[in-house]
1. Report yes if TYR31 is of a type in the set (Phe, Trp, Tyr), over 30 Å from MET166 (Cα atoms) and at pLDDT 85 or above, otherwise no.
2. Restricting attention to the stretch 66-93, and to residues there that are at pLDDT 70 or above and under 26 Å from SER183 (Cβ atoms), which single residue is surrounded by the most Cβ atoms within 10 Å (Cβ to Cβ)?
3. Find all pairs meeting these conditions: Cβ atoms under 7 angstrom apart; at least six residues apart or on different chains; first residue within the stretch 31-53 and surrounded by 13 or more Cβ atoms within 10 Å (Cβ to Cβ); second residue acidic (Asp, Glu) and in a helix (DSSP H, G or I).
4. Output the number of the condition that ALA232 fails; it satisfies all remaining conditions of (1) loosely packed, with under 15 Cβ neighbours inside 10 Å; (2) small (Gly, Ala, Ser); (3) out of contact with any Lys or Arg (no Cβ under 9 Å at 6 or more places or on another chain).
5. Would you tally the residues in the stretch 125-184 being within 27 Å of MET101 (Cα to Cα), of a type in the set (Val, Ile, Thr) and surrounded by fewer than 20 Cβ atoms within 10 Å (Cβ to Cβ)?
6. Could you pull out every one of the helices (runs of 4 or more DSSP H) wholly within the stretch 1-72 that has 3 or more residues that are touching an Asp or Glu at 6+ places or on another chain (Cβ under 9 Å) and closer than 23 Å to PHE235 by Cβ?
7. Can you name the condition, by its number, that SER198 falls short on among (1) touching a helix residue (DSSP H, G or I) at 6+ places or on another chain (Cβ under 6 Å); (2) free of Cβ contacts under 8 Å to residues at least 12 places away in the same chain; (3) among the polar types (S, T, N, Q)?
8. Sort out which residues of the stretch 201-229 are without any contact (Cβ under 8 Å) to a residue 40 or more places away in the chain, in a strand (DSSP E or B), of a type outside the set (A, V, I, L, M, F, W, C) and over 21 Å from ARG140 (Cβ atoms), and write them in order of number.
Amino acid sequence: MTDSQLDPKSPQPLHIQAEAKLREMIQQEEYRKGKLLPNEIELSKAMHISRNTLRQAINKLVFEGLLIRKKGYGTIVAPLNVMSNARNWKSFSQEMKSMGMTVQNFELHISFVEAPSEATLFFGIPQNEHLLCLERLRGRPGQPFVHFISYFNPKVPISVEDDMSMPLYDMLEKKYGVVVKTSKEMISARGANAFIASKLGIKEGEPVLVRKRFVYDVNDVPIEFNIGYYRADSFTYSIEFSR
């Protein structure tokens, strides 16, 4: 590999600089297609750092699900999928953008429907009330992998006339001054029913990850109840604990 010497005089720690170099490297087409990364000896020599410092950077990318270590084989770039980190909540569009993925909407439906009890309880409204429902089939170009169903607090003046093709939270903030801040989430696994299987292009009964989001604005007012059904082979949820 070409020389990738780091700057020992920089206030940024060497392992952080090494991590940035690795992130640049794994964006290259050859590594995306499965080529092994140079071994630790070669990488540490190219960056002029110790193997321990390099390993610290590699471990970070392994933890994030960007790299995969195979014992006796080497290190490769992980297959591209969506990763969400429990410490850093982002919208779907932001998650995709942070990984350099382009978002594509395959289907978009807006209607007023009788809301499920979870939504009415969350919003503190009577059961059987009809709410605006937004359904979207989304993913990367040519590959849908998540079906979202969102219900909105009737206090939010969102309507079927709004442009739902733009990022949802951007539209809420720019048009209605609603700034979302907090998402409380629940993740579970189940077999796909016939409807979800048909949307995601999988067989009925195959595993999907179900992600429920309870979204609040900056004033802790409940704004959106969202359920996302993800193909299990396209979504990773990472959690980091500190002691």
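The values are calculated or read from the model by the stated rules, or taken from the named source; none is laboratory data. All figures in this text were calculated on a predicted structure; none of them were measured in a lab. Quick reminder, even Gly has a Cβ in these numbers, built from the backbone with ideal geometry, and neighbours come from all protein chains shown.
1. Answer is yes for this residue.
2. My answer is PHE92.
3. ARG51/GLU40
4. (1)
5. The qualifying residues number 4.
6. In the stretch 1-72, 51-63 are the helices (runs of 4 or more DSSP H) which contain 3 or more residues that are touching an Asp or Glu at 6+ places or on another chain (Cβ under 9 Å) and closer than 23 Å to PHE235 by Cβ.
7. Single failed check for SER198: (1).
8. TYR216, ASP217
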